[in-house]
Amino acid sequence: MPLSFDLNNEQKVVGITVAPTTASGKPAQIEAGSLSVAIIDGNPNAVPSVAADGTIEVASGDGDTGIGTTVVAASADADLGAGVVTITDTITVNVAGVLAANLNLGGGSVVVK
């Protein structure tokens, strides 16, 4: 099932789980270690990865280079034997520029008029 997230260029998406099913919706398995992620369209500055716990993360690019839409393919091998049957789903990440939140005024001096 494709996923979509809206975030800013100071954020990332974590904890995207993978729960494979058969065509009829019953739980299924994928080949251990076969889960991978790759950018297939859009902003090439996003950073998709598979975390140590098997969840997927997608970090926006930094600064202005992170703004835009990125489509990430998550793929895995559904054939638990020697062959390879690749199944794929997508994650769309829409990144906007983060807005200023503080002026952080500083300086200034008291002088005679």
Show me 99-111, 30-42, 58-70 ranked by packing, highest mean number of other Cβ atoms within 10 Å first. 58-70, 30-42, 99-111
Give me the dipole magnitude in Debye, nearest 20, for the chain about the Cα centre, with unit charges on the beta carbon: positive for Lys and Arg, negative for Asp and Glu. 420
Zone of D89 (label point 7 Å along Cα→Cβ, backbone N under 14 Å): which residues in region 1-28? 1-5, 15-28
Sum of side-chain charges, N45 neighbourhood, beta-carbon under 10 Å (Lys, Arg +1; Asp, Glu -1): -2
At a Förster distance of 22 Å, what's the computed FRET efficiency of L103 paired with T65, Cβ-Cβ distance as r, to 0.05? 0.30
Summing +1 for each Lys or Arg and -1 for each Asp or Glu, what net charge is found among the other residues whose Cβ lies under 13 Å from the Cβ of Q11? -3
Around Q29 (Cβ within 15 Å, Cβ-to-Cβ, excluding Q29; K/R +1, D/E -1) the net charge comes to -2
Answer label, with percent of Cα pairs over 21 Å apart calculated from the coordinates and candidates [x] 39; [y] 45; [z] 48: [z]
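No lab work stands behind these numbers, since they all come straight from the coordinates. Keep in mind that this is a model prediction, so the values were computed, not measured. Positions of Cβ are backbone-derived with ideal geometry, glycine not excepted, and every protein chain shown enters the neighbour counts.
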